[in-house]
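Step one of this worksheet: look at the structure below.
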Amino acid sequence: MDKKALRAEIRCRKSQYPPEELRQKSQKICEWILDDGVFWASHYILLYNPLPDEVNVNTLITTAHNAGKTVLLPVVNGDNLVLKRFAGFNYMSTGAYNILEPVGEIYPRSEYHKIDLAIIPGMAFDPYRHRLGRGKGYYDRLLPQLTQAYKMGVCFDFQFLENIPSEEWDVVMDEIIR
């Protein structure tokens with residue numbers, strides 16, 4: 001199956017789950033990550049403000065922020081993602097794709113090496129730790145810049161597939177949590 005067909009299949013699977021069930025599944029994924037030493041050992045954490053059909057990681061955002069960690073969230077800027085520091089949900093505005101984004105200055109690319117954990121959403125992942133995105137390439141352009149980060153992909157069980165077509169430039173995750 002090609003990437004476009006896989007995305008359509010995953011969208012269909014997602015639509016079969018009520019929002020409350022996705023919230024419960026998200027909470028279990030967050031609990032798993034909070035039990036992982038990688039999360040607590042990290043000082044600079046890249047997370048994301050979830051779309052309604054993605055694993056909701058707001059618990060992780062709040063926990064990391066309250067623990068004094070630097071939390072960075074991606075912001076769509078043209079064809080690329082830039083990162084901004086999370087200062088609290090009261091300091092967010094609606095951006096591209098109706099996603100809440102932090103307000104404030106762009107985190108400098110020269111500091112990306114400080115990011116020690118990147119928690120990354122995807123349409124699907126496979127046992128080889130390949131990631132299938134939404135098709136716009138935002139994370140394809142961001143991930144190669146995160147040279148020091150432990151890359152943790154997150155998805156629901158039904159998004160974990162046998163095999164995803166991959167390209168030589170695709171960045172493989174270090175771990176998939178589902």
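Values quoted throughout were computed directly from the atomic coordinates according to the rules given, and no laboratory measurement underlies them. It should be emphasised that the depicted structure is a prediction, and the values quoted were computed from it without experimental measurement. Quick reminder, even Gly has a Cβ in these numbers, built from the backbone with ideal geometry, and neighbours come from all protein chains shown.
Taking a ≥ b ≥ c as the square roots of the eigenvalues of the alpha carbon gyration tensor, the range 70-116 is oblate, as a/c is not under 1.5 and a/b does not beat b/c.
In this structure, N66 and D2 have a Cβ-Cβ separation that, at R0 = 35 Å, corresponds to a calculated FRET efficiency of about 0.25.
Hydrophobic, long helices, defined as DSSP H runs whose alpha-carbon span along the helix axis is 20 Å or greater and whose mean Kyte-Doolittle value is at least 0.5, do not occur in the chain. With neighbour counts taken as other beta-carbon atoms within 10 Å, the residues R23, R178 rank, fewest first, as R23, R178.
Hydrodynamic analysis of the range 3-177 uses the Kirkwood radius over alpha carbon pairs. Inserted into Stokes-Einstein at 20 °C and 1.002 mPa s, it gives a translational diffusion coefficient of 131 µm²/s.
Projecting the Cα atoms of V154, L46, N98 onto the dipole axis of the chain, where Lys and Arg carry +1 and Asp and Glu carry -1 at the beta carbon, places N98 farthest toward the positive end.
Looking at the range 87-173, the GluC sites (Glu not before Pro) that sit in a DSSP loop and have at most 11 other Cβ atoms within 10 Å of their own Cβ are E105, E162, E167, E168.
So the label point goes 7 Å from the Cα of F89 along Cα→C-beta, right? Which residues of the range 23-38 then have their backbone N under 18 Å from it? Inside the label zone: 23-31.
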